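Step one of this worksheet: look at the structure below.
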Amino acid sequence: MGFFDKIKEGLARTKQSMTNKINSTIASFTGENEEFFEDLEEVLILSDVGGEASMEAVEQLREKVKSEGLRGSEQVKRALGQILAGMLGENRELSLGTKPSVILVVGVNGVGKTTTIGKLALMLRNQGKKVLLAAGDTFRAAAAEQLGVWAQRAGADIVRHEEGSDPAAVVFDAISAAKARGADVIIVDTAGRLHNKSNLMNELNKISRVIDRELPGADRETLLVLDATTGQNGLMQAEEFKKYAGLTGIVLTKLDGTAKGGIVFAIASRLGVPVRFVGVGEKADDLIPFDPMDFATALLGE
Ligand SMILES: Nc1nc2c(ncn2[C@@H]2O[C@H](COP(=O)(O)OP(=O)(O)O)[C@@H](O)[C@H]2O)c(=O)[nH]1
Ligand SMILES: [Mg+2]
């Protein structure tokens, strides 16, 4: 299945709801008419785009309709697609130039961190990279076991310690192992207990210091995994992590499970951190590199 079809399939629920509503609102366009713009803003807000981003998109559209003299729903739809894509920012690949480089994966419990790491490991393996996973969620033995299953599936190495051990020590050992074995990328899994926020942030800090010290100058990505079905609540978590963990990207999971794909726009406008991948299912190949234009087109497409 092509890349684009996969987005469209993953967005099936969103398309049924958000896309249909946007398209039927656009179909009602009969020239500059305040009611049309209000309806459109409401549809965007109901689709989790968020108040601010919805207002901004509609404002831009209002101006475009006026300045370019747009007529008819096809022209308006094309203009909205460009505006929405523009709001999502530039597409950028992960920087993983150094050997080894590091991907630190953070986020609260249950959002899909471990699953995403498995999918990423497979994607990188398919690009010919040697991948090593660090089982930094030492809170439950089951977490390292789950990561072990993914390591096997993806053909990646794994470094794990006993339940309850220090995650920073796991990362230290993973870095030594990666150097010794010539691994290209280390992907670090972490625990996500937010009920004890300062504890969690301290733990992430300690991991970060170990990476700084053991791999100075190495390329590092810090990806926050967010569950799309949690809607606007997820954004509050994201702001916390942004403050303490210095994010370089977002992975938005479970986009297959929500009718409100608009959360992608709220993330871009509120956080200013680019969405790098979207998860559209539980299988190994259900992770898609995020492309703003493709996403906007798929969202508005037939
Ligand atoms: N439908 C769907 N389920 C997902 C996706 N990503 C992860 N999951 C499921 O979400 C649950 C929690 O995932 P897990 O990786 O253990 O989350 P973690 O606690 O953050 O490590 C599991 O049942 C996963 O299969 C996704 O993109 N779509
Ligand atoms: Mg996990």
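What follows is calculated from the coordinates using simple rules that are stated; it is not laboratory data. Note that the structure is a prediction, hence the values are computed from the model and not measured. Quick reminder, even Gly has a Cβ in these numbers, built from the backbone with ideal geometry, and neighbours come from all protein chains shown.
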For segment 75-135 (alpha-carbon point model, no solvent) the Debye-based log₁₀ I(q)/I(0) at q = 0.12, 0.23 Å⁻¹ works out to -0.50, -0.99
Compute the Rg to Rh ratio over segment 38-179 from the alpha carbon atoms, using the Kirkwood formula for Rh, and round to two decimal places. 1.20
For the chain, built as a Gaussian network whose Cα springs stay under 10 Å, the top-fluctuating residue of Gly118, Gly128, Gly107: Gly128
Report the one residue of Met87, Gly249, Ser101 whose Cα lies farthest in the direction of the positive end of the charge dipole of the chain (charges on C-beta: Lys and Arg +1, Asp and Glu -1; origin at the Cα centre). Ser101
The computed P(r) of the chain puts the percent of Cα pairs beyond 30 Å at 35
What distance in nm lies between label points placed 7 Å from Cα along the C-beta direction at Ser198 and Ala142? 3.0
Sites Glu34 and Glu282, calculated FRET efficiency, Cβ-Cβ separation with R0 30 Å, nearest 0.05: 0.10
If you take every residue apart from Lys130 with its C-beta less than 13 Å away from the C-beta of Lys130, what net charge results, scoring Lys and Arg +1 and Asp and Glu -1? +3
For the chain, size of Cβ-based charge dipole, Lys and Arg +1, Asp and Glu -1, in debye: 920
What is the Cα coordinate range of segment 1-87 on the first, second and third principal axes, sorted by size from largest, in whole angstrom? 40, 24, 23
So if the hydrodynamic radius of segment 134-266 is defined as the Kirkwood radius over C-alpha pairs, what does Stokes-Einstein give as its diffusion coefficient at 20 °C and 1.002 mPa s, in µm² per second? 134
Asn126 paired with Arg213, simple spin-label distance in nm, labels 7 Å along Cα-to-beta-carbon: 3.8
How large is Rg over Rh for segment 123-192, taking Rg from the Cα atoms and Rh as the Kirkwood inverse mean of 1/r across Cα pairs? 0.96
Given a Förster distance of 51 Å, report the FRET efficiency between Ser95 and Lys66 from their Cβ-Cβ distance, rounded to the nearest 0.05. 0.80
Charge dipole magnitude, Cβ of K and R +1, D and E -1 - segment 83-147, Cα centre, debye nearest 20: 220
Taking amide H positions as placed 1.01 Å from N in the peptide plane, with prolines and chain starts having none, which residues 5 or more places from Val275, or on another chain, fall under 5 Å of its amide H? Ile250
How big is the dipole moment of segment 84-195 about its Cα centre under a simple scheme where the beta carbon of each Lys and Arg is +1, that of each Asp and Glu is -1, and everything else is neutral? Debye, nearest 20, please. 320
Kindly work out what percent of the DSSP beta bridges joining two residues of the chain are antiparallel, to the nearest 5. 10
So, R0 is 22 Å and r is the distance between the beta-carbons of Asp5 and Val149; what FRET efficiency does that work out to, to 0.05? 0.20
Whole-Å distance linking the alpha carbon centroid of segment 6-27 with that of segment 146-180 is 40
